[in-house]
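What follows is a short report on a single structure.
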Amino acid sequence: MATVLITGGTGTIGNRLSTLLREQGHIVNLLSRSKGNEISTKNKGQIFLWNIDQQTIDQEAISTADFIVHLAGAGVADKRWSKKRKQEIVDSRTQSSRLIVDALTKFPNKVQAVISASAIGWYGPDSIDQQAAFDETEKWHPDFLGRTCYLWEQSITPVLSLSKRLVILRTGIVLSNMGGAFVEFKKPLLLKIASILGKGNQFISWIHVDDLCNQYIFAINNASMNGVYNAVAPNPVTNKELTISLAKKIAGAFYIPLHIPAFMLKIILGEMSIEILKSTKVSASKMLNIGYSFSYPKINDAINELTQ
């Protein structure tokens, strides 16, 4: 049994990860800006205070932790990308990492490893007919999300100088009923409309939320696991394939495929539409090669579980 400290623990991924860790007998502590957040646990987990803007953190949060899972960061798709919002997205990631590194430097602790989120926004768009998927050796792409991911990863890397094991999971599109892209994909189907974004031939590198959370647990349990890993399912699909598969599951034969033109997405979403329309095919080979076994390797596996 280990004590795991989670940043961003009240989000979609953090909530599910906390549940799975507790089911395995681990103590789960959370970092929060206020004590007002509820924590339901039978293993005496605690909520500790931190303030990223003021760079303060409860020393006990660090001194009691065996592992830190770093998920904190402003939602990339929560608001339009104004100049101010883009800076918030970057700062929420880099400044929270800075606070963790500083705390590990200043406070006596027994932290064995830090497992940090990143994203496949690191990679640029592939070509539609590209055969090889991006692997972890690919250089970061110089667009907004590529630069954000680069700064994000760089900000947590100094834990290596403290003799801590570091694992970074570059996460794909997370499919969950608790929030995020999958919930948005389902909404038009309430009206029997299968909304295909743009031409629909852009690749989506996705992962079921349980596989993602289990990869964090896998990283905690495997002392030989170090460095960067793509956290994506081994079978990416196009936007059209995902949308039609979901429509068939929810609506049966009674749905209308409807392409949402790229120009309309640009009007509605602004610069963020670039990411919606971008094709990014990412490899899961490194994760598979270290022995991780996916519960939901194919899109229909994930859709069936999430719609049952």
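The values are calculated or read from the model by the stated rules, or taken from the named source; none is laboratory data. Everything numeric here is computed off the predicted structure, so don't read it as measured data. Because the Cβ atoms are built from the backbone with ideal geometry, glycine has one as well, and the counts that use them run over all protein chains shown.
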Answer yes or no: is there a residue in segment 196-207 that is under 18 Å from Thr307 (Cα atoms), part of a loop (DSSP other than H, G, I, E, B), in contact with a strand residue (DSSP E or B) (Cβ under 9 Å, 6 or more places away or on another chain) and at pLDDT below 95. no
Would you tally the residues in segment 140-169 being crowded, with 16+ Cβ neighbours inside 10 Å and of a type outside the set (D, E, K, R)? 17
Residue ID - farthest from Leu71 (Cα to Cα), chosen from residues in segment 207-217 that are of a type in the set (A, V, I, L, M, F, W, C) and buried (at least 20 other Cβ atoms within 10 Å of the Cβ): Ile207
May I ask you to list the residues in segment 65-97 that are within 19 Å of the chain's Cα centre (by Cα) and either acidic (Asp, Glu) or within 14 Å of Gln154 (Cβ to Cβ) (or both)? His70, Asp78, Glu88, Val90, Asp91, Arg93, Thr94, Gln95, Ser96, Ser97
Within segment 267-303, can you find the residues that are under 19 Å from the mean Cα position of the chain (by Cα), of a type in the set (D, E, K, R) and part of a helix (DSSP H, G or I)? Glu275, Lys286
Looking only at segment 154-181, count every residue that is outside any strand (DSSP E or B) and within 13 Å of the chain's Cα centre (by Cα) and tell me the total. 5
Within segment 119-134, does at least one residue satisfy the condition of being touching a helix residue (DSSP H, G or I) at 6+ places or on another chain (Cβ under 9 Å), surrounded by fewer than 21 Cβ atoms within 10 Å (Cβ to Cβ), in a loop (DSSP other than H, G, I, E, B) and of a type in the set (D, E, K, R)? no
Go through segment 91-118 and report how many residues are among the polar types (S, T, N, Q) and assigned to a helix (DSSP H, G or I). 6
Return yes when Gly25 is surrounded by fewer than 14 Cβ atoms within 10 Å (Cβ to Cβ), farther than 23 Å from Asp210 by Cα and at pLDDT below 95 and no when it is not. no
Of the residues in segment 61-90, how many are surrounded by fewer than 13 Cβ atoms within 10 Å (Cβ to Cβ) and in a helix (DSSP H, G or I)? 3
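Looking at segment 227-266, which of its residues are of a type in the set (A, V, I, L, M, F, W, C), assigned to a loop (DSSP other than H, G, I, E, B) and crowded, with 17+ Cβ neighbours inside 10 Å? Even if it seems obvious, please write down each step before you answer.
The initial filter retains those residues of segment 227-266 that are of a type in the set (A, V, I, L, M, F, W, C), namely 228, 231-233, 237, 242, 244, 246-247, 250-251, 253-254, 256, 258, 260, 262-265.
The next check asks that each one be assigned to a loop (DSSP other than H, G, I, E, B); those that pass are 232-233, 253-254.
Val232, Ala233 - these are the residues of segment 227-266 that are of a type in the set (A, V, I, L, M, F, W, C), assigned to a loop (DSSP other than H, G, I, E, B) and crowded, with 17+ Cβ neighbours inside 10 Å.
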Would you please name the residue that is surrounded by the fewest Cβ atoms within 10 Å (Cβ to Cβ), looking only at residues in segment 185-202 that are over 30 Å from Ser18 (Cα atoms) and within 22 Å of the chain's Cα centre (by Cα)? Gln202
Which one of these is free of Cβ contacts under 8 Å to residues at least 60 places away in the same chain, more than 19 Å from Glu241 (Cα to Cα) and not basic (Lys, Arg): Asn214, Asn221? Asn221
